[in-house]
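Data block below; observations after.
The values are calculated or read from the model by the stated rules, or taken from the named source; none is laboratory data. These numbers were taken from a predicted model, which means no experiment stands behind them. Neighbour counts are summed over all protein chains in view; Cβ atoms, including those assigned to glycine, are modelled from backbone coordinates with ideal geometry.
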Amino acid sequence: MLSDYYQIELKDFDQDFFDLLETVGQIKQPDFKVLPYFHTVYANGEKAGIVGYQPASLPDTGNVEIILAPEYRGKGLIAKIYDTLAQEHHLKTLYATINLRNMTSLSAHEKIGFQRLPAEKQAQLKEKGIIGEGEMRLEKSV
Ligand SMILES: CC(C)(COP(=O)(O)OP(=O)(O)OC[C@H]1O[C@@H](n2cnc3c(N)ncnc32)[C@H](O)[C@@H]1OP(=O)(O)O)[C@@H](O)C(=O)NCCC(=O)NCCS
C-alpha cells in the first residue's frame, strides 16, 4: 500500500499551515480550548495536513477533523493518521461529521470502516442542533 511508504508524526498545531490549507471551509478553525487536540501532520518529515478532534460527551470519544495538502491526498494516509491520533489520545470511538456534498470525504471515511449512524439518530442530532441539515454523522470504533 502506498501509505506504507509514509511515516506519520503528529506535532503541535500550526496556525499558519492551517490557514494555507484551509481556504474553502472544509474543516472549522479549532478554538483555543481544543488546540491541544489538534496537530500538524508530518509525512516523512514534511508538513502534510492537519488533524484533530473535538472531545465528545462520551469518554474516549472524539469528533475528528482532517485536511490534507492536495499532494498528500489519494494515498490512503487518512487511516494511518486517524490510527495515530486515536493511539496518542487514547480514543476508542471516532465520530466524523461530514457535509453530504463532500463525497470524497464520505467515501474515504466509509472505506476505512466509518459507518453512518441510523437515520433516526441523525434526525435526533439535527433536532438538537448537533449536526447541520446537510451533514451526516459517522462512527468508528478503534
Ligand atoms: C478527505 C481526505 C482527508 C481523505 O484522505 P485521503 O488520505 O486522501 O483518502 P484516500 O487516500 O482514501 O483517498 C480518498 C479519495 O480521494 C480521491 N483522490 C485521489 N487522489 C487525489 C488527489 N491527488 N487529490 C484529491 N483527491 C484525490 C479519490 O477519489 C480517492 O478515492 P479512491 O482511492 O477510492 O479512488 C482528503 O481528501 C482531504 O484532505 N480532503 C479535503 C479536506 C476535507 O474534505 N476534509 C474532510 C472534512 S469532513
Quiz item: In the stretch 47-66, what residues are surrounded by fewer than 19 Cβ atoms within 10 Å (Cβ to Cβ) and of a type in the set (A, V, I, L, M, F, W, C)?
Solution: A56, L58
Exercise. Can you work out which of the residues in the stretch 1-34 that are at pLDDT below 95 and basic (K, R) is farthest from S57 (Cα to Cα)?
Key: K28
Exercise. Confirm whether P118 is modelled with pLDDT under 95, over 13 Å from E9 (Cα atoms) and over 12 Å from the mean Cα position of the chain (by Cα).
Key: no
Quiz prompt | Residues satisfying the stated conditions in the stretch 15-46, i.e. in a strand (DSSP E or B) and surrounded by 17 or more Cβ atoms within 10 Å (Cβ to Cβ) | solution = F38, H39, T40, V41, A43
Exercise. Give just the number: which of (1) over 15 Å from Y6 (Cα atoms); (2) in contact with a Gly (Cβ under 8 Å, 6 or more places away or on another chain) does Y72 not satisfy?
Key: (1)
Exercise. For the stretch 67-111, name all the residues that are among the hydrophobic types (A, V, I, L, M, F, W, C), more than 11 Å from the ligand (Cβ to nearest atom) and touching a Ser or Thr at 6+ places or on another chain (Cβ under 7 Å).
Key: L91
